[in-house]
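Here is the structure we will look at.
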Amino acid sequence: MEHVSATRSELLARRGQIKLAVQGRDLLSEKRAALMREFQRLGTSVLEAMREFERGAGVARRSLGEALALDGPEYVGSAAIAASASVGVELTARSVAGVRIAELSHDPVARSSMARGYGLPFSSARVDVAGDEFERQLDRLLDLAAVELTLRRLAEEIASTTRRVSALENVVIPRLEGERDFIALVLDERELEDRVRLMRAKSMRMNEPDEMAVVA
């Protein structure tokens, strides 16, 4: 506390700083709560989407295995090359509790068998089924990637906000309160000393006439 100047102005300043720090902590706590609600909401949907993805991946692998076994790798490979195409992806942003969150949107991946680019010589019901399943899986995978981007950003901001709340609650506010109490204690001691000096001075003035009378 050696660096603390024990004055009335400093006491008022510490009280103001404590008030601001408490308000900041409360606002950050509210922000963290809002971010956590969004994180939990998205996390629940991601868990279900991942379970659905795992189930669909198993179906897609089985359909591909059947096509490879019955139609042959060259036949399936030629169809895959003919059906290859790009997928349009776009990143946008939205705000959650003042935090900008990146969101990913994409064009639909699933197509009809006629839109895949391969002709009848490279088409079979098994290849079409495998194509349907894997395009459906790619749709799900892109959706999961979009939510994962949001969850990572939310997790980072929750961690950062938690550190700031902890610093205010466990370091800044206790330090300011300690300085406030120290200044108040010093000022009270000074006030008490001043009162004692005034009482002594008053007592001495009251005794002065008696002493003069004795001399007379």
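The values are calculated or read from the model by the stated rules, or taken from the named source; none is laboratory data. Keep in mind it's a predicted model, so treat the numbers as computed, not measured. Backbone-built Cβ (ideal geometry, glycine too); neighbour counts: all protein chains shown. Areas reflect the complete protein model, heavy atoms only, side chains present, ligands, DNA and RNA absent. Shrake-Rupley method; radii C 1.70, N 1.55, O 1.52, S 1.80 Å.
For this structure, a couple of remarks:
- Residue 32 accessible area, 1.4 Å probe, all protein chains in place, Å² to nearest 10: 60 Å²
- Descending semi-axes in Å of the range 8-104, equivalent ellipsoid built from Cα gyration tensor: 57, 16, 8
- Compactness of the chain, expressed as Rg and Dmax over alpha-carbon positions, Å: 37.6, 140
- Among the protein heavy atoms, those of residue 63 account for about 10 Å² of accessible surface (1.4 Å probe, every chain in place).
- Solvent-accessible area of residue 106 with every protein chain in place, 1.4 Å probe, in Å² to the nearest 10: 40 Å²
- Expressed as a whole percent, the accessible surface of the chain that belongs to carbon and sulfur atoms is 59, based on a 1.4 Å probe.
- Sequence-separation-based contact order of the range 57-216, relative, with Cα cut under 8 Å and 6+ spacing, percent: 22 percent
- The residues neighbouring residue 125, those whose beta-carbon lies less than 13 Å from its own, together hold a net charge of -4 under the Lys/Arg +1, Asp/Glu -1 convention.
- Remark: the range 1-129 carries 65 Å² of accessible area per residue (probe radius 1.4 Å; ligands, DNA and RNA excluded).
- Distance (nanometres) between label positions extended 7 Å along Cα→Cβ at residue 4 and residue 110: 6.7 nm
- Per residue, the chain reaches -27500 deg cm²/dmol at 222 nm when only DSSP H runs of four or more residues are counted, each adding -39500 (n - 2.57).
- For residue 96, nonlocal amide neighbours, meaning residues 5 or more places apart or on other chains whose placed amide H falls under 5 Å from its own, are 101.
- Residue 22-residue 193 FRET efficiency (beta carbon distance; Förster radius 41 Å; 0.05 resolution): 0.80
- Evaluating 6.51 cos²θ - 1.76 cosθ + 1.60 at θ = phi - 60° for every residue in the range 62-73, the Karplus couplings come out as 5, 5, 5, x, 5, 5, 5, 5, 9, 9, x, x Hz, glycine and proline recorded as x.
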